[in-house]
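Here the structure comes first, spelled out in structure tokens, and everything after it is commentary.
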2 protein chains.
Amino acid sequence: MMQSYTRRTEEYLSLIEKELDRLIPGGGCLQGRVMEAMRYSASNGGKRVRPILTLEFARLCGLEARAALPFACAVEMIHTYSLIHDDLPCMDNDDMRRGKPACHIKFGEDTALLAGDGLLTLAFEVMLREYDPKAISPRSAIAAAALLASNAGVEGMIGGQVIDLMAEGKAIDIETLRTMDRLKTGALIDAACRMGCVISGASREQLEAAGSYASALGLAFQIVDDILDVTGSTEELGKPVGSDAENQKSTYVSLLGLDACRDAVRRLTDHAVRALQHFEGDTGYLAELAEALATRKN
Amino acid sequence: MMQSYTRRTEEYLSLIEKELDRLIPGGGCLQGRVMEAMRYSASNGGKRVRPILTLEFARLCGLEARAALPFACAVEMIHTYSLIHDDLPCMDNDDMRRGKPACHIKFGEDTALLAGDGLLTLAFEVMLREYDPKAISPRSAIAAAALLASNAGVEGMIGGQVIDLMAEGKAIDIETLRTMDRLKTGALIDAACRMGCVISGASREQLEAAGSYASALGLAFQIVDDILDVTGSTEELGKPVGSDAENQKSTYVSLLGLDACRDAVRRLTDHAVRALQHFEGDTGYLAELAEALATRKN
């Protein structure tokens, strides 16, 4: 891995963590408890793939990271809210998230519900209040926020969760699995990449290329998840392996087999990297990111 | 009541119902179930006070109702989502809403949770995608959507719900009750009124006057609710009376007494009407609306 890749990732992570910390101040007032719950979940960060994608696509299209930050944080807030609501007893009923108690275990179901609502609402407030009109036109800000809203909504991420609920305990075919993931995971990754372009005034061709990169990356990401559930170690993953098989969940591995899945990840990653040809700037970072996600161990 | 008041209310109601119907199409696709749940709750309309306020303040400031409609529908969607989440078992655990089964009783908790998330997300999508840039500047659209986001968020409506949760089963003082209502009910009424002004390019003075009207109206509305719970009939209210006393809930009536409450409603309504002097156009409709809410029987 290039040293510059690691360094830039660290810079991005530092920017994102600091900004989330500033935007979700927590404590102090009567309603402080829900803010604390929002902070708890937002700071229990994973890879921060989505906000990094927004920052890097913006940079590639000529906008400095700082100006893209409200949009990057918004997509991460929406991702975080979806995990909080997904973990609730009436949904997946998961007690743990990334090795720590889920939000509703730590704060109670009522507070977790409101913390999710709060993060979803704050995502829009942040984009609309914090964008810098000297760097981003109001029309572009509106277009980016509208894109995130539609990709996070019923035709996007929420739609994927509905399909997931309906599929629970049932065998599903590869087409349904594909649609579910395209919505549940893919829609937000797509918004992350394309928002970076929209706020930078990128061309229509570049916007489409960002969409191609996102859709290949998103699907590869999901297939790698399924592969790791079979081949990974509990230690590396930080969660029990084999849970998909145990729950008789239809996965890419159960439907296509391990070899076909590995081939697909290779093919999709190459496809993602090829889509970057439509950009003139240095696309090395995004190519490395795609490779890193394809070969990750957790 | 003036005939023109009734006629204009009917016109507004018809506009709002038709637009909500168009914006939440329902059925047909894999994720159709959650859209159906969104429609179910959004069409089980109450008085539609909030969207009517947005349309009328916009009209008063010179914008035609059609242009204000996306913002009116957005505030109603946010009100509806808050009711769906409020009724959930982990919150107030209410089985009935306006004489019909609550969303989670009809569709299940998981679908109701997602329907609430979907309406909250759709509210922003609608404002950002459906506003007419020929009638409303992009900057005004952003300001209005940002206003709704902050008033609906943790510093606004959600904050009020948190205080409500913490107060459950406890006696609270008048200050806490006032803060809770100012956030839980008042913040969205404030957004409804002020958004109407913001999208019409109203002056700062008018914006402040709309805020005064909203805050007096919102508090009077809540006090009337408490009075009706004591003096109303189950038949008129469509829900059991005396439930506040039974639940040992602190209300304006239990803290101040009936007479003081009636005085306060009178005073607040007069205050709301006086705030309208800052507008040049015909404020008769908004004055009648304040009177109608003060003297309502349900």
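Values computed for the structure shown
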quantity	calculated
Residue within the stretch A:239-247 that is in contact with an Asp or Glu (Cβ under 6 Å, 6 or more places away or on another chain), surrounded by 14 or more Cβ atoms within 10 Å (Cβ to Cβ) and at pLDDT 95 or above present	no
Failed criterion for A:ILE142 (all others in (1) more than 9 Å from chain B (Cβ to nearest Cβ); (2) assigned to a helix (DSSP H, G or I); (3) not acidic (Asp, Glu) hold)	(1)
Residues satisfying the stated conditions in the stretch B:78-110, i.e. of a type in the set (A, V, I, L, M) and within 11 Å of another protein chain (Cβ to nearest Cβ)	B:ILE78, B:ILE84, B:LEU88, B:MET91
Residue among A:LEU63, A:LEU55 that is outside any helix (DSSP H, G or I) and not small (Gly, Ala, Ser)	A:LEU63
Tally of residues being open to solvent by 20 Å² or more (accessible area, probe 1.4 Å), in contact with a Cys (Cβ under 9 Å, 6 or more places away or on another chain) and either part of a helix (DSSP H, G or I) or in contact (Cβ under 8 Å) with a residue 12 or more places away in the chain (or both) across the stretch B:96-116	3
For B:ALA65: the one exception among (1) at pLDDT 95 or above; (2) under 21 Å from the mean Cα position of the chain (by Cα); (3) of a type outside the set (Ser, Thr, Tyr)	(1)
Members of the stretch A:163-192 found to be open to solvent by 10 Å² or more (accessible area, probe 1.4 Å), facing chain B (nearest Cβ under 8 Å) and touching a helix residue (DSSP H, G or I) at 6+ places or on another chain (Cβ under 7 Å), listed by number	A:LEU165, A:THR176, A:THR179, A:LEU183
3 or more residues under 24 Å from A:ILE158 (Cβ atoms): qualifying helices (runs of 4 or more DSSP H) within the stretch A:186-275	A:187-198, A:204-231
Flag for B:ARG139 being in contact with a helix residue (DSSP H, G or I) (Cβ under 9 Å, 6 or more places away or on another chain), of a type outside the set (Asp, Glu) and without any contact (Cβ under 8 Å) to a residue 60 or more places away in the chain	yes
Total residues in the stretch A:117-130, condition facing chain B (nearest Cβ under 8 Å) and either among the hydroxyl-bearing types (Ser, Thr, Tyr) or crowded, with 22+ Cβ neighbours inside 10 Å (or both)	8
Lone qualifier among B:LEU23, B:LEU60 - being buried (at least 17 other Cβ atoms within 10 Å of the Cβ) and over 21 Å from B:PHE124 (Cα atoms)	B:LEU60
Criterion violated by A:ASN93 - all others in (1) in a loop (DSSP other than H, G, I, E, B); (2) open to solvent by less than 10 Å² (accessible area, probe 1.4 Å) satisfied	(2)
Failed item, numbered, when A:TYR40 is tested on (1) buried (at least 24 other Cβ atoms within 10 Å of the Cβ); (2) under 30 Å from B:MET166 (Cβ atoms); (3) hydroxyl-bearing (Ser, Thr, Tyr)	(1)
Residues located in the stretch B:147-157, provided they are over 17 Å from B:ARG50 (Cα atoms) and at the interface with chain A (Cβ under 7 Å from one of its Cβ atoms)	B:VAL154
Residue in the stretch B:149-159 that is more than 29 Å from B:ARG66 (Cα to Cα), among the charged types (D, E, K, R) and open to solvent by 40 Å² or more (accessible area, probe 1.4 Å) present	yes
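A quick yes/no check of all residues on (1) open to solvent by less than 30 Å² (accessible area, probe 1.4 Å); (2) within 23 Å of B:TYR5 (Cα to Cα):
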| position | (1), (2) |
| --- | --- |
| B:ALA209 | yes, yes |
| B:ILE227 | yes, no |
| B:LEU255 | no, no |
| B:HIS271 | no, yes |
| B:ARG274 | no, yes |
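The values are calculated or read from the model by the stated rules, or taken from the named source; none is laboratory data. Here the structure is a predicted model, which means the values were calculated and not measured. No Cβ is skipped: glycine too gets one built from the backbone with ideal geometry, and neighbour counts run over all protein chains shown. Side chains are part of the model used for accessible areas, which takes the heavy atoms of the whole protein and leaves out ligands, DNA and RNA. Shrake-Rupley method; radii C 1.70, N 1.55, O 1.52, S 1.80 Å.
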